[in-house]
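I have placed the structure first, in the form of structure tokens, so that the comments after it can refer back to it.
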Amino acid sequence: MKPTRNLSTPAAAGTGADTAAAPARTPAVPGQTAFLDAYPDYVDTTVLDRLRATEYRYLDDKNHLYLDYTGGGLPAEAQIKAHAQRVEGDCYGNPHSANPTSRASTELVEQARTAVLEFFNASPDEYTAVFTPNATGACHLVGEAYPFEPGTRFVQLADNHNSVNGIREFARSRGAQIDTIDLVPLELRAEEDEVRSSLGRPVPEALRPSRPDGDEVRSGLFAYPAQSNFTGVQHPLEWIDLAHSHGFDVLLDAAAYAPANRIDLARIKPDFMPVSWYKLFGYPTGLGCLVARREALARLRRPWFAGGTIRAVSVLGDWYQLMDGPAAFEDGTVNYLSIPDVEIGLRWLTAIGMETVRTRVRCLTGWLLDHLSEARHSNGTPLVRIYGPTTTEARGGTVAFNFLDPSGRVVDERAVARDAARANISLRTGCFCNPGAGEAAFGLHRDDLRRPGLPAAATLDEVLAAIGMPTAGAIRISVGLVSTLEDVSRFLEFALSTYLDRFPDTEGLPPRLSC
């Protein structure tokens, strides 16, 4: 049985004629001329306006203003149709067999694995791809299996997502040293000297692990995001080589970076790179990947085995033998009906061009930052407080901020979530699973957060009061693949009409249950 292939692209997705016929969605919006003067490269991205009008028409049909691309991308109609056509057109079974339907699924899964490596320009001799439920699942695989021990170190950037922060608990439980590199106001980046100092800090000789068999002893694991999911800051990829020079393996969290930026693994060499596919192209959800160097993957020691991961096992003999490569890490039956959709999504993005997406995101982000930074109440006080850089240099399409009332007080983020929902605007509020960046943004210090009793406080509001936080987090808006100038203009109009020279109503807001 030959697997059905439907490699839809913007030009060949059953929508090519519609796309060619549809005019670019560039009706005049306030400030359009000034925008194009400031960001002339935007005109090179008009293919995205045509796709918005055809493949993502549900946004405008339902009057959605979607500004949460860091939380999740959006699917094209062609992607959904490709999935339905494949599943309706053939029969696919559990890959753990040699029957015809199993072989059909296995071939498509392996095609998708190859497509992942091709998309990131990774040699299959050096890298492999392990399918996981999401980027969090990829981080968990590394954390639970990394050979932490006394004398090794887990060095983390304070800007990590909680899925990376959680690795510290695996490191702690096995006696590894934990070091955190702080962020520096106002741009909330790390100082280069601090990164170098932390990675170069020697482990005391008495704690240094030894290998009688002569195996290489690694310094530990260095983990950081290519792009912050809180501020949009893009951290230097050159840190990978720096960490390698000090004997560290590197986990590069690419979940927020990959949707709008090219990653070339022939040039940069992280040992582990987690991604979530829905963040790149919206569909399928529930699928991610751990792209890993084969030699680094071989150093991991899984604490258990499961169906699908073993070559042989005995209950009576009390032994087992793991599979080689990615199969040893893909627990149970992989999502064989959806994994082929990853290849469809990657081909979709490739046909559009990552440079096109990056240019659009940069232009719209710059315009947002320009106008939010300039907005002032009538008394001259700023309308917003932006966390992170206020230019497009070394940053992505994520903007974190708080609205301020005319007296300079932070507007409760729950009121903003309520007001935005009423306007049919999808944005995010809170700490976005990145407490380190939030703590740096609000100027908190270690002493503030290590007071006795804090973790056991009855409610989140009590915790906030104890540490002196004015609110529970920031507002986050993020632009992406099919964001438009109209989207940005609509948000700016909402911001000015709702919060400029106003004291928003904060009565009746729900209690905070979590960050």
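The requirement of being part of a helix (DSSP H, G or I), crowded, with 19+ Cβ neighbours inside 10 Å and basic (Lys, Arg) is not satisfied by Arg358. Taken together, Arg201, Arg174 contain a single residue that is at pLDDT below 95 and more than 28 Å from Gly72 (Cα to Cα), which is Arg201.
The condition (being in a strand (DSSP E or B) and at pLDDT below 95) is satisfied by just one residue among Arg311, Arg211, Arg218: Arg311. Checking Leu364, Leu369, Leu280, Leu346 one by one, the residue that is under 25 Å from His161 (Cβ atoms), in contact with a Phe, Trp or Tyr (Cβ under 7 Å, 6 or more places away or on another chain), surrounded by 17 or more Cβ atoms within 10 Å (Cβ to Cβ) and not polar (S, T, N, Q) is Leu346 and no other.
For every residue, the table says whether it meets (1) of a type in the set (A, V, I, L, M, F, W, C); (2) surrounded by 12 or more Cβ atoms within 10 Å (Cβ to Cβ); (3) in contact with a helix residue (DSSP H, G or I) (Cβ under 7 Å, 6 or more places away or on another chain).
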| site | (1), (2), (3) |
| --- | --- |
| Cys289 | yes, yes, yes |
| Ala292 | yes, yes, no |
| Ala296 | yes, yes, no |
| Arg302 | no, yes, yes |
| Phe305 | yes, yes, no |
| Met323 | yes, yes, no |
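The C-beta contact set for region 379-405 (first residue in contact (Cβ under 8 Å) with a residue 24 or more places away in the chain, second residue part of a loop (DSSP other than H, G, I, E, B) and polar (S, T, N, Q), distance under 6 angstrom, 6+ apart or interchain) comprises Tyr387/Thr231; Gly388/Thr231; Thr398/Thr70; Ala400/Thr231. Restricting the search to helices (runs of 4 or more DSSP H) fully inside region 88-188 and requiring at least 3 residues that are in contact with a helix residue (DSSP H, G or I) (Cβ under 6 Å, 6 or more places away or on another chain) gives 100-119, 135-145. Within region 238-262, if we keep just the residues that are of a type in the set (Gly, Ala, Ser) and under 20 Å from Gly151 (Cα atoms), the residue that is surrounded by the most Cβ atoms within 10 Å (Cβ to Cβ) turns out to be Ala243. Quick check on Thr101: is it free of Cβ contacts under 8 Å to residues at least 40 places away in the same chain and of a type in the set (Val, Ile, Thr)? Spelling it out, it is not the case that Thr101 is free of Cβ contacts under 8 Å to residues at least 40 places away in the same chain and of a type in the set (Val, Ile, Thr). Is it fair to say Leu290 is within 17 Å of Ala112 (Cβ to Cβ) and either part of a strand (DSSP E or B) or of a type outside the set (Lys, Arg) (or both)? Taking the combined requirement at face value, the residue satisfies it. Under the condition of being polar (S, T, N, Q), in a loop (DSSP other than H, G, I, E, B) and within 24 Å of Gly443 (Cα to Cα), the residues counted in region 361-398 number 4. Listed by position, the helices (runs of 4 or more DSSP H) contained in region 417-510 that have at least 3 residues being modelled with pLDDT of 95 or more and small (Gly, Ala, Ser) are 485-499. Of all the numbered requirements in (1) within 30 Å of Asp264 (Cβ to Cβ); (2) of a type in the set (Val, Ile, Thr); (3) modelled with pLDDT of 95 or more, Thr9 misses one, and that requirement is (3). Cβ separations smaller than 8 Å between residues 6+ apart or across chains give the following pairs from region 181-193 residues that are touching a residue at least 24 places away in the same chain (Cβ under 8 Å) to residues that are part of a loop (DSSP other than H, G, I, E, B) and aromatic (Phe, Trp, Tyr): Leu188/Phe230.
Residue pairs whose Cβ atoms lie under 8 Å apart, sitting 6 or more positions apart in sequence or on different chains, and linking a residue in region 231-246 that is in the same structural domain as Phe272 (by TED's automatic domain parsing) to a partner that is crowded, with 17+ Cβ neighbours inside 10 Å and part of a helix (DSSP H, G or I), are Thr231/Ala437; Thr231/Ala441; Gly232/Thr365; Trp239/Val195; Leu242/Val195; Leu242/Leu199; Ala243/Leu199; His246/Leu199. Checked against the criterion of being in contact (Cβ under 8 Å) with a residue 40 or more places away in the chain, within 23 Å of the chain's Cα centre (by Cα) and not assigned by TED's automatic domain parsing to the domain that holds Val155, region 407-419 contains one or more residues that satisfy it.
The values are calculated or read from the model by the stated rules, or taken from the named source; none is laboratory data. On a predicted model such as this, the values are computed, not experimentally measured, just so you know. Here the Cβ is made from the backbone with ideal geometry for all residues, glycine too, and neighbour counts use every protein chain on show.
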